[in-house]
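Here's the structure we're looking at; comments come further down.
What follows draws every value from the coordinates through simple rules; no lab data is involved. Every value quoted in this text rests on a predicted model; they were computed, and no experiment measured them. Heads up, the Cβs are rebuilt from the backbone with ideal geometry, glycines too, and the neighbour counts pull from every protein chain shown.
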Amino acid sequence: MGRRRRKVVQVVRRKLPELYLCPKCGKNTVKATVNKKKGRVAVICSDCGLSSYYSLDTNMAGVDAYCLFVDAFYSGDAPEESVVE
Ligand SMILES: [Zn+2]
């Protein structure tokens with residue numbers, strides 16, 4: 001029996017939120033929070049309060065929502081008010 005060399009694969013599943021650059025204030029304070037229960041993604045800048053919500057598509061990750069967020073901002077389509085439910 002050959003000894004298999006085990007590959008050391010470290011899967012670190014972090015719960016830490018990734019922060020992205022805010023297109024409005026230019027700080028690294030944008031957080032994309034995936035809410036699977038509500039089926040949506042909240043993208044919020046904790047510094048200037050710029051926020052957007054997107055419905056969660058299959059395989060959509062926080063970073064995808066962030067891309068939409070930035071796109072919307074640069075196309076002048078960014079919602080200034082937060083959506084309150
Ligand atoms: Zn900001």
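Of all residue pairs spaced 6 or more apart or on separate chains, those with beta-carbon atoms under 8 Å, a first member in region 18-45 that is within 21 Å of Ser75 (Cβ to Cβ) and outside any loop (DSSP other than H, G, I, E, B) and a second member that is more than 13 Å from the ligand (Cβ to nearest atom) and charged (D, E, K, R) are Ala32/Glu18; Val41/Asp64.
Any idea which residue in region 28-57 is nearest to the ligand (Cβ to nearest atom), counting only those that are loosely packed, with under 14 Cβ neighbours inside 10 Å and basic (Lys, Arg)? Filtering region 28-57 for residues that are loosely packed, with under 14 Cβ neighbours inside 10 Å and basic (Lys, Arg), the one nearest to the ligand (Cβ to nearest atom) comes out as Lys38.
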